[in-house]
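Q: Below you will find the structure I want to go over with you.
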Amino acid sequence: MKLPIFCPSCENSLNVSQMKCNHCETEVNGNYELPLYLKLSREEQDFILQFFLSSGSIKEMAKQQELSYPTMRNRMDDLIDKIKNLN
């Protein structure tokens, strides 16, 4: 199940309010902001993972996905802009 990151009612960002240990049943309550990575879509998270696994090579990513380098570079630039705006 994918972790919801936006309110289904007003579409604002959600925060984490409770976490629970499945082993000992300990519960932690509070109001915690989600980490930046979890605020990204699944596709954006996968893109970052693929970038990491290709040793940071956009050229290699483009080759693996059979896309042009400029297309992959544009995706990277769009993701960089989004991350800058989330901070």
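Q: Tabulate in residue order the Karplus-calculated ³J(HN,Hα) for the stretch 2-13, using 6.51 cos²θ - 1.76 cosθ + 1.60 with θ = phi - 60°, rounded to whole Hz; enter x for Gly and Pro.
A: So the Karplus estimates, Gly and Pro as x, are 7, 5, x, 10, 10, 5, x, 8, 10, 6, 6, 5 Hz.
Q: Which ordering of 52, 47 is given by a fewest-first count of other beta-carbon atoms within 10 Å?
A: 52, 47
Q: To continue, here is another question. Find the Cα radius of gyration of the chain, compare it with 2.2 N^0.38 Å by division, and give the number to two decimals.
A: Here the answer is 1.40, to two decimals.
Q: With +1 on the Cβ of every Lys and Arg and -1 on the Cβ of every Asp and Glu, and nothing else charged, how large is the dipole of the chain about its Cα centre, in debye rounded to the nearest 20?
A: 180 debye
Q: On to the next question. Treat each spin label as a single point 7 Å out from the Cα along the C-beta direction, and report the residue 31 to residue 14 distance in nm.
A: It works out to 1.7 nm between the two label points.
Values quoted throughout were computed directly from the atomic coordinates according to the rules given, and no laboratory measurement underlies them. Please read all numbers here as calculations on a predicted model, not as lab measurements. Glycine also receives a Cβ, built like all others from the backbone with ideal geometry; neighbour counts cover every protein chain displayed.
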